[in-house]
Amino acid sequence: MEYKEPFGVKLDFESGIIENAKKLVRKLSDMKGYYVDEEAYEKLLKEDPIIYEVYAVEQEEKDGDLNFATTVLYPGKVGSEFFMTKGHYHSKADRAEVYFALKGKGGMLLQTPEGEARWIPMEPGTIVYVPPYWAHRTINTGDEPFIFLALYPADAGHDYGTIKEKGFSKIVVEENGEVVVKDNPKWTE
Ligand SMILES: O=C(CO)[C@@H](O)[C@H](O)[C@H](O)COP(=O)(O)O
Ligand SMILES: [Fe+2]
C-alpha cells in the first residue's frame, strides 16, 4: 500500500491566505450575466474590480479524499446587489460540503434543483452544512472582506452551468441600508 504523506499548512486569519495554496482570482469581467442590474454591471466593468479570491489545497478527484479552500470575498455592490461568488452545484451532485466563516459578514444562498432557496447568515464562527444536491453561493453583506474556509470531497467537482444560465431564485440586495433577500426578477422555472 502506498500512503499519501500527511501535512499541515498555515492559514492566515487576517488575510485568508493559505500558504502554498493554488490561487484563483475572479474579477467582475468573469461574471457577465450573473448580476441582475446589467447597466450597473457595465458601468463598474470600467474598473473591473476583483470580486473574490480562492486559495485551494486540492487532491486528485478521488472518492474518499478531501479538499479545502478559503475564499476572500470583497465588499461591494453591482447596483443594489451585493458582491457574491458564482455559485455552483457539485458535479457529483450528492457531495456535501462544510463552510466555516472566519472574518467579515455575509451569508450563503442555497437552492435545490427545483428552485427552493434558503438564506443562511454567516459571521465569524458560523459553520454552514451544505447538504447533498444543494447549489450554494456566498454573498458579502458587510463592508470588509468576508473570509471563510470550505471543506469538500475531492471528487465533488464544480457544476457552474445551471447557475450561470438561470441564477438563483433569490437575490440579496441592499434596500434603505438593510440586507434584503428577495425574489430574483429574472428567475424562470
Ligand atoms: O464551494 C466551494 C468548493 O466546493 C468553495 O470553495 C467555492 O468554490 C468558492 O467559494 C468560490 O465559489 P465558486 O466560484 O466556486 O462558486
Ligand atoms: Fe461547493
- Query: Rg and Dmax of the chain, using alpha carbons, in Å: what are they?
  - Reply: 16.4, 61
- Query: Relative contact order of the chain: what whole-number percent is it, with Cα pairs under 8 angstrom and at least 6 residues apart?
  - Reply: 23
- The answer for Lys103, listing residues at least 5 apart or on another chain whose modeled amide H is closer than 5 Å to its amide H, is Ile147
- Message: What number comes out for accessible area per residue over the chain if the probe is 1.4 Å? Units Å², please.
- Response: 55
- Relative contact order %, the stretch 66-145, counting alpha carbon pairs below 8 Å whose residues are six or more apart: 41
- Message: Probe radius 1.4 Å, ligands and nucleic acids ignored: give me the carbon and sulfur share of the accessible area of the chain as a rounded percent.
- Response: 51
- Message: Restricting to DSSP H runs of at least four residues, report the calculated mean residue ellipticity at 222 nm for the chain, -39500 (n - 2.57) per run over all residues, nearest 500 deg cm²/dmol.
- Response: -1500 deg cm²/dmol
- Task: Report relative contact order for the stretch 20-59 in percent, whole number only (criteria: Cα-Cα under 8 Å, sequence separation at least 6).
- Result: 65
- Task: Any chance you could check the Cα centroid distance between the stretch 1-41 and the stretch 145-168 for me, in angstrom?
- Result: 11
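The values are calculated or read from the model by the stated rules, or taken from the named source; none is laboratory data. Keep in mind that this is a model prediction, so the values were computed, not measured. Remember, those area values only see protein heavy atoms, side chains included, never the ligands or the DNA or RNA. Shrake-Rupley method; radii C 1.70, N 1.55, O 1.52, S 1.80 Å.
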